[in-house]
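Chemist: Here's a structure for you.
The values are calculated or read from the model by the stated rules, or taken from the named source; none is laboratory data. Only a predicted model underlies this, so the values are computations on that prediction, with no experimental measurement involved. Using ideal geometry, Cβ is built from the backbone for each residue, glycine included, and neighbour counts are taken over all protein chains shown.
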Amino acid sequence: MKPILEEAVNFLQQGGSAPASDELVEALLAAEKQGKVRYDYSQLLGPWRLGFITGTQKTRQRASGILGAGRFLPRWLNIQLAYSAEDAAAGRGLVQNSVKVGPFSIQLTGPTQFYAKTNSLAFDFTQMQLRLGGLTLYDGFVRDGERRESQFYQQSLKEQAFFTYFWVESAAIAARGRGSGLALWVRD
């Protein structure tokens, strides 16, 4: 693991001092350029906590100085991504993205398809659950989710949202999103 990436992972998992955002972005870009390693869908399975983002090009332009080179997420904002396999050999499974702030939580779920040739994981959030403490406010499909879910595996990668993973370790993963933003997650 590159020293700056290791420092970022240690900070996200244990606290302490964070590396400079611009240095972390440079390390992520170097890992992306260097890495033509093929990953397996099974390496992504499990829960991951989002720790660092750069945002998309469009978001960075609108936010001007807010994101800067990138931003570590505050500890009180728990954004977790969890992948599970339905057919690991075919790279098919489910994604669950949850955001928790105090007693409020939102959980989005849907199908995934891993494209090993490009290390890309396509996904679609087709169902949502909103909770306030122990009270479920909503639990069901979103935006024509039932139809989108049934047609998901017939779509090409270009038609879907996706992350292209360029750095996959047991403790952390990093990817570039379809909108060109970078993200770093740590094992939760």
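Chemist: Could you list, in sequence order, the residues of segment 77-104 that are in a loop (DSSP other than H, G, I, E, B) and touching a Lys or Arg at 6+ places or on another chain (Cβ under 9 Å)?
Modeler: Matches in segment 77-104: L77, P103.
Chemist: Exactly one of these conditions fails for G134: (1) under 18 Å from the mean Cα position of the chain (by Cα); (2) of a type in the set (G, A, S); (3) modelled with pLDDT under 95. Give me its number.
Modeler: Failed condition: (1).
Chemist: Applying the selection to segment 17-40, what residues are more than 13 Å from A174 (Cα to Cα) and among the basic types (K, R)?
Modeler: Passing the criteria: K36, R38.
Chemist: Taking the conditions exactly as written (among the small types (G, A, S), surrounded by 11 or more Cβ atoms within 10 Å (Cβ to Cβ) and under 18 Å from the mean Cα position of the chain (by Cα)), does G70 satisfy them or not?
Modeler: In short, yes.
Chemist: Scan segment 165-188 residue by residue and report those that are farther than 15 Å from E6 by Cβ and acidic (D, E).
Modeler: Matches in segment 165-188: D188 only.
Chemist: Give the residue that is farthest from R131 (Cα to Cα), with candidates limited to residues of segment 68-105 that are out of contact with any Gly (no Cβ under 7 Å at 6 or more places or on another chain) and of a type in the set (S, T, Y).
Modeler: Applying the filter and picking the extreme gives S98.
Chemist: Give the number of residues within segment 28-56 that are under 21 Å from P74 (Cα atoms) and either over 15 Å from the mean Cα position of the chain (by Cα) or among the aromatic types (F, W, Y) (or both).
Modeler: 2
Chemist: What's the number of the condition R131 fails, among (1) within 30 Å of Y39 (Cα to Cα); (2) among the charged types (D, E, K, R); (3) surrounded by 12 or more Cβ atoms within 10 Å (Cβ to Cβ)?
Modeler: The one condition R131 does not meet is (1).
Chemist: Sort through G134, G110 and tell me the only one that's free of Cβ contacts under 8 Å to residues at least 12 places away in the same chain and over 23 Å from W167 (Cβ atoms).
Modeler: Of the residues listed, the single one that is free of Cβ contacts under 8 Å to residues at least 12 places away in the same chain and over 23 Å from W167 (Cβ atoms) is G134.
Chemist: Evaluate the following for L121: is it of a type in the set (A, V, I, L, M) and within 14 Å of the chain's Cα centre (by Cα)?
Modeler: yes
Chemist: Let me ask something additional. Need the failing condition index for V37 against (1) in a loop (DSSP other than H, G, I, E, B); (2) closer than 26 Å to F114 by Cα; (3) touching a helix residue (DSSP H, G or I) at 6+ places or on another chain (Cβ under 8 Å); (4) of a type in the set (A, V, I, L, M, F, W, C), just the number.
Modeler: (3)
Chemist: Any chance segment 44-67 includes a residue that's surrounded by 13 or more Cβ atoms within 10 Å (Cβ to Cβ), small (G, A, S), modelled with pLDDT of 90 or more and not in a strand (DSSP E or B)?
Modeler: No, segment 44-67 contains no residue that is surrounded by 13 or more Cβ atoms within 10 Å (Cβ to Cβ), small (G, A, S), modelled with pLDDT of 90 or more and not in a strand (DSSP E or B).
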